[in-house]
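The values are calculated or read from the model by the stated rules, or taken from the named source; none is laboratory data. Every value quoted in this text rests on a predicted model; they were computed, and no experiment measured them. Here the Cβ positions follow ideal geometry from the backbone for every residue, glycine too, while neighbour counts run over all protein chains shown.
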Amino acid sequence: MRVLVVEDEKKTASFVRKALQAEGFAVDVCHNGDDALAAARATPFDGIVLDIMLPGRDGLSVLRQLRERKNVTPVLLLSARGEVNERVEGLNAGADDYLPKPFELVELVARVRALTRRGGETKSTVLSVADLTLDTLTRQAQRGETSIELTVREYRLLEFLMRSAGRLCGRMMILEKSGIMISTPARTWLTFTSGGCAKKLTRTLNPSCSTPFVARAMC
């Protein structure tokens, strides 16, 4: 599941990002409304956490633009004011939920999980590349009729690669967009993790095969 967090307070945005990543979400962060609209156009998010008070284009304007463009991604609005009129305006503009500041991170994560679950009922949550499928709700990978067990990091890497099929992505972009925090060099970690993931995928087709399926299918 991929979530966009739009919050101009960088400290708050960092706390929210880390809390969601700890629960298995891949997280992108924007600090203003224009960048948020650009990100939402470029990436199919499963949910958006959107602060109302943003510099320049505010959160309500971003929300209205998304809905005018037929973007139905579930949106959780955040606001420090918490006034009834503002909540009503946000919900009428197309928000799916509202959370006043200050908030508990555990509640925000629970609300995001509920939103993405509801959003998944109206759109496919299964990614497909060739005969490989990945269910983003159950985190179950399958090639043909064979299920594949993945570690958390392998799952995040595979989800990003499948969502980015056909696009060229650098190492640091892969790590950042996959929500993976590591202390080892990017090249070393990616070589190790993608190699292990590729072996699991290729062996479901032919136990003696060692050709990296991920590289062939995703590049």
**OP:** Determine if the stretch 145-168 includes at least one residue that is in contact with a strand residue (DSSP E or B) (Cβ under 9 Å, 6 or more places away or on another chain), at pLDDT 70 or above, surrounded by fewer than 16 Cβ atoms within 10 Å (Cβ to Cβ) and not hydrophobic (A, V, I, L, M, F, W, C).
**Re:** yes
**OP:** Determine whether residue 34 is in the same structural domain as residue 108 (by TED's automatic domain parsing), of a type in the set (Asp, Glu) and either touching a Leu at 6+ places or on another chain (Cβ under 6 Å) or within 16 Å of residue 75 (Cβ to Cβ) (or both).
**Re:** no
**OP:** Mind listing whichever residues of the stretch 36-47 are more than 17 Å from residue 64 (Cβ to Cβ) and in a helix (DSSP H, G or I)?
**Re:** 42
Original post:
What number of residues within the stretch 41-71 are more than 17 Å from residue 97 (Cβ to Cβ) and buried (at least 22 other Cβ atoms within 10 Å of the Cβ)?
Top reply: 1
Original post:
For the stretch 27-37, what are the residues that are closer than 29 Å to residue 138 by Cα and either surrounded by 22 or more Cβ atoms within 10 Å (Cβ to Cβ) or without any contact (Cβ under 8 Å) to a residue 24 or more places away in the chain (or both)?
Top reply: 27, 30, 36
Original post:
Among 4, 66, 50, 54, which is the only one that is part of a helix (DSSP H, G or I) and at negative phi?
Top reply: 66
Subject >> Test result for residue 111, within 30 Å of residue 8 (Cβ to Cβ), at pLDDT 90 or above and not small (Gly, Ala, Ser) >> reply: yes
**OP:** Could you please let me know if residue 70 is modelled with pLDDT of 85 or more, in contact with a strand residue (DSSP E or B) (Cβ under 8 Å, 6 or more places away or on another chain) and more than 18 Å from residue 1 (Cβ to Cβ)?
**Re:** no
Original post:
Going by the conditions given, is residue 106 aliphatic (A, V, I, L, M), outside any strand (DSSP E or B) and modelled with pLDDT under 90?
Top reply: no
